[in-house]
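**Student:** Mind looking over this structure? Questions follow.
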């Protein structure tokens, strides 16, 4: 009851100077809103990164062939490099923690159907590839084991390939040709669209799955072979490579790290040429989590500074108020207010200011996502070039409000009100009532 | 007869710019309940210092000051605040109302610091406002009232805690003669009803209305004389005449 009255009185006193109170509240408002916004944005960015890594599969290990630096290659002739089929067999059969293994071969080629052309990636793989890269069949079916063993000339098209080469026809049953090899493949399936994966450290580049054609790896080996001749600037350059990638799936996530170290030592024969790299998404995921934590601490620090500034604003205005209301303090003391009563009165006023700032700040914080979307659309509309030049993380960030940030922001705002209100309040209480009464 | 307040050899010294000022050098007098005392004296006589002591705003250097049975000289700051809210009714020259509060809320302030906030207390404040003739201005703020009205709010406020005495410091100093007469008539009436009033003034006309005049000079008691009933009546009539005569 007493508190209620004190709060009511505080609001009344603040209402005497609405503009001043509003501006003071604004300081806290901005501080609290920025705590929530910055945390939400950093969470959004790191969540996107984590999702991308997680989409590689936390229980997988990827071993990729890397083109060695040119000084290590034989200048005459063609040096074979990268992973071999023998290594694939060995990995698959000798490491007990490996559940399954997929050999992958990738070649950039031009695809053709009638008069339509499209540059894309010809991927030789096994049926498990679909599951491990989260591909979804739209029509028909993905490559089967039987097709692989029979070395069938069947292929599966990614969504964009199907759209470009077959704008008006059903691709199933049609033959897509690869002019470079005078070869053609019968379409048995079309996939749904899949988002591109971003480059995530190490040797794992960004993968755009939209212009892929998938064929059985044994078919690719038989019909195209290991030697790839590419015409570049009038010269033919060649490389010999058996497998571009081996993706291993480990039995359980707990065994990933152990398996990864076994594989790294198994790959030591490649250390001289540096033509193989091991990518462990789980490790990347853990790194990303650490980065997220650092990022959040940093963002939180920035927001804390703005709250500090808001707090100083409160202190500044309260010191002015205390001086201005010296007479009132004198009257209250004469009429029986104890020092504690005066401290409480001014503390309640600062707390009211900071709590109002806190609540409105939280409300503004909750509008973070629509506000960012709106902002993005505005920039997109008025400055499309600027937008295009921004990095992808910035363009695509979806703020995710961290639930803990709301009570934290509120608590901090209240704390700021009390901490920065304490000094002016104590100063008010320490006044000599006789002198305060004489104050004009 | 019980004493509202008792001053025994009261001394107060304070240091001002390195020099010790002996504001009160041993003053003694009693104020029985129901008395109406005017304290007079030129500036520098220790009048204000005595007022601060009586109002429990300051502590004496030596001597005793009793309000009822409590020795103010030995109280802590919080105890002084407590006794101010329960036992003393202040009326100031410049009214000293709180600007952001209404008439009723201003009257209620001393009760507020006793933690008394019930509807009964609120009704008491409304009754007091009516008693001083402001029953129709309960929700007005001080800035919406005239000087005389503000002083009447202050008088109502001084009575809200049933104090040992009303301590009035030049209560008519800021008022014109008509309002002065009004306020002094109100004091007369309150005193007749049994309330103790201690009034500090430098105006003879005002002092003559009291039952007793205490004069201070150089920190000492100069005189303490009773005012005859006749003199009081004359003073009251003179004030009325002055008001009714067109200027």
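**Student:** Identify all residues within segment A:13-25 that are closer than 17 Å to residue A:418 by Cα and either away from chain B (no Cβ under 14 Å) or without any contact (Cβ under 8 Å) to a residue 12 or more places away in the chain (or both); write none if there are none.
**Tutor:** In the first step, residues of segment A:13-25 are kept if they are closer than 17 Å to residue A:418 by Cα; the result is A:14, A:21, A:24-25.
Those that are closer than 17 Å to residue A:418 by Cα and either away from chain B (no Cβ under 14 Å) or without any contact (Cβ under 8 Å) to a residue 12 or more places away in the chain (or both): A:24, A:25.
**Student:** Picking from B:222, B:144, which residue would you name as being at pLDDT 90 or above, more than 25 Å from residue B:104 (Cβ to Cβ) and surrounded by fewer than 19 Cβ atoms within 10 Å (Cβ to Cβ)? Working first, answer last.
**Tutor:** Details: B:144 fails: more than 25 Å from residue B:104 (Cβ to Cβ).
Residue meeting the stated conditions: B:222.
**Student:** Looking at (1) at pLDDT 90 or above; (2) more than 20 Å from residue B:96 (Cβ to Cβ); (3) crowded, with 19+ Cβ neighbours inside 10 Å, find the lone condition where residue B:239 falls short.
**Tutor:** (1)
**Student:** Residues that are farther than 21 Å from residue A:70 by Cβ and modelled with pLDDT of 85 or more: list the strands (runs of 3 or more DSSP E) wholly contained in segment A:219-269 that include at least 1 such residues.
**Tutor:** Details: elements: A:227-232, A:235-241, A:245-250.
Correct list: A:245-250.
**Student:** How many of the residues in segment A:69-100 are more than 20 Å from residue A:225 (Cβ to Cβ), modelled with pLDDT under 80 and assigned to a loop (DSSP other than H, G, I, E, B)? Even if it seems obvious, please write down each step before you answer.
**Tutor:** We begin by selecting, within segment A:69-100, every residue more than 20 Å from residue A:225 (Cβ to Cβ); these are A:69-72, A:75-76, A:90-100.
Keeping just the survivors that are modelled with pLDDT under 80 gives A:69-72, A:75-76.
This time we only want the ones that are assigned to a loop (DSSP other than H, G, I, E, B), so: A:69, A:75-76.
Qualifying residue count for the region: 3.
**Student:** Only one of these conditions is not met by residue B:210: (1) within 22 Å of residue B:92 (Cβ to Cβ); (2) surrounded by fewer than 18 Cβ atoms within 10 Å (Cβ to Cβ); (3) in contact (Cβ under 8 Å) with a residue 60 or more places away in the chain. Which number is it?
**Tutor:** (2)
**Student:** I'd like to know if segment B:103-112 contains one or more residues that are in contact with a helix residue (DSSP H, G or I) (Cβ under 9 Å, 6 or more places away or on another chain), in contact (Cβ under 8 Å) with a residue 60 or more places away in the chain, at the interface with another protein chain (Cβ under 10 Å from one of its Cβ atoms) and farther than 19 Å from residue A:436 by Cα.
**Tutor:** Scanning segment B:103-112, I find no residue that is in contact with a helix residue (DSSP H, G or I) (Cβ under 9 Å, 6 or more places away or on another chain), in contact (Cβ under 8 Å) with a residue 60 or more places away in the chain, at the interface with another protein chain (Cβ under 10 Å from one of its Cβ atoms) and farther than 19 Å from residue A:436 by Cα, so the answer is no.
**Student:** Which one of these is outside any helix (DSSP H, G or I), at pLDDT 85 or above and out of contact with any strand residue (DSSP E or B) (no Cβ under 6 Å at 6 or more places or on another chain): A:364, A:337, A:371?
**Tutor:** Working: A:364 fails: outside any helix (DSSP H, G or I); A:371 fails: outside any helix (DSSP H, G or I).
Step by step, each of A:364, A:337, A:371 is checked, and only A:337 is outside any helix (DSSP H, G or I), at pLDDT 85 or above and out of contact with any strand residue (DSSP E or B) (no Cβ under 6 Å at 6 or more places or on another chain).
**Student:** Could you say which residue among A:356, A:342, A:372, A:362 is in the same structural domain as residue A:311 (by TED's automatic domain parsing), in contact with a helix residue (DSSP H, G or I) (Cβ under 6 Å, 6 or more places away or on another chain), over 22 Å from residue A:422 (Cα atoms) and in contact (Cβ under 8 Å) with a residue 60 or more places away in the chain? Break it down stepwise before answering.
**Tutor:** Details: A:356 fails: over 22 Å from residue A:422 (Cα atoms); A:342 fails: over 22 Å from residue A:422 (Cα atoms); A:372 fails: in contact with a helix residue (DSSP H, G or I) (Cβ under 6 Å, 6 or more places away or on another chain).
Every option except A:362 fails the conditions.
**Student:** Specify which of the listed residues (A:419, A:343, A:402) is within 14 Å of chain B (Cβ to nearest Cβ) and within 28 Å of residue A:310 (Cα to Cα). Write out each step before concluding.
**Tutor:** Numbers: A:419 fails: within 14 Å of chain B (Cβ to nearest Cβ); A:402 fails: within 14 Å of chain B (Cβ to nearest Cβ).
Going through A:419, A:343, A:402 in turn, just one is within 14 Å of chain B (Cβ to nearest Cβ) and within 28 Å of residue A:310 (Cα to Cα): A:343.
**Student:** Could we say that residue A:379 is part of a helix (DSSP H, G or I), within 14 Å of another protein chain (Cβ to nearest Cβ) and more than 30 Å from residue B:93 (Cα to Cα) here? Lay out the reasoning, then the answer.
**Tutor:** Values: part of a helix (DSSP H, G or I): yes; within 14 Å of another protein chain (Cβ to nearest Cβ): no; more than 30 Å from residue B:93 (Cα to Cα): yes.
Taking the combined requirement at face value, the residue does not satisfy it.
**Student:** Return yes or no: is residue A:175 in contact with a helix residue (DSSP H, G or I) (Cβ under 8 Å, 6 or more places away or on another chain), surrounded by fewer than 17 Cβ atoms within 10 Å (Cβ to Cβ) and closer than 21 Å to residue A:218 by Cα? Spell out how you get there, then give the answer.
**Tutor:** Working: in contact with a helix residue (DSSP H, G or I) (Cβ under 8 Å, 6 or more places away or on another chain): no; surrounded by fewer than 17 Cβ atoms within 10 Å (Cβ to Cβ): yes; closer than 21 Å to residue A:218 by Cα: yes.
In short, no.
**Student:** Going through segment B:49-84 one residue at a time, which ones are farther than 23 Å from residue A:339 by Cβ and within 19 Å of the chain's Cα centre (by Cα)?
**Tutor:** First, pick out the residues of segment B:49-84 that are farther than 23 Å from residue A:339 by Cβ: B:50, B:62-64, B:66, B:68-69.
Result: B:50, B:66, B:68.
**Student:** Given the criteria at pLDDT below 90 and in a strand (DSSP E or B), does residue B:4 qualify? Can you show your working first?
**Tutor:** Details: at pLDDT below 90: yes; in a strand (DSSP E or B): yes.
Yes; evaluated as a whole, the condition is true for this residue.
**Student:** I want to confirm something. Restricting to segment B:88-101 and keeping residues that are under 12 Å from the mean Cα position of the chain (by Cα) and on the phi < 0 side of the Ramachandran plot, which single residue is nearest to the other protein chains (Cβ to nearest Cβ)? Spell out how you get there, then give the answer.
**Tutor:** First, pick out the residues of segment B:88-101 that are under 12 Å from the mean Cα position of the chain (by Cα): B:88-93, B:95.
Still in the list and also on the phi < 0 side of the Ramachandran plot: B:88-93.
Details: B:88: 8, B:89: 9, B:90: 5, B:91: 11, B:92: 7, B:93: 10 Å.
The residue in question is B:90.
**Student:** Do we have any residue at all in segment A:321-333 that's on the phi > 0 side of the Ramachandran plot and either assigned by TED's automatic domain parsing to the domain that holds residue A:412 or touching a residue at least 60 places away in the same chain (Cβ under 8 Å) (or both)?
**Tutor:** Of segment A:321-333, the ones on the phi > 0 side of the Ramachandran plot are none.
No - not one qualifying residue is present in segment A:321-333.
**Student:** Condition first: in a helix (DSSP H, G or I) and within 14 Å of chain B (Cβ to nearest Cβ). Now tell me which residues in segment A:304-334 satisfy that. Can you show your working first?
**Tutor:** Narrowing segment A:304-334 to residues in a helix (DSSP H, G or I): A:304-324, A:326-334.
If the condition is that a residue be in a helix (DSSP H, G or I) and within 14 Å of chain B (Cβ to nearest Cβ), then A:321, A:324, A:326, A:327, A:328, A:329, A:330, A:331, A:332, A:333, A:334 are the ones that fit.
**Student:** Let me ask another. From A:376, A:395, grab the single residue that is under 28 Å from the mean Cα position of the chain (by Cα) and exposed (fewer than 15 other Cβ atoms within 10 Å of the Cβ). Working first, answer last.
**Tutor:** Details: A:376 fails: exposed (fewer than 15 other Cβ atoms within 10 Å of the Cβ).
Every option except A:395 fails the conditions.
**Student:** Quick check on my filter: what residues within segment A:403-440 are within 26 Å of residue A:376 (Cβ to Cβ) and either at pLDDT below 85 or part of a helix (DSSP H, G or I) (or both)?
**Tutor:** Selection gives A:405, A:406, A:409.
The values are calculated or read from the model by the stated rules, or taken from the named source; none is laboratory data. Not measured: the values here are computed from a predicted model. A quick note on method: Cβ atoms are made from the backbone with ideal geometry, for glycine too, and the neighbour counts reach across all protein chains shown.
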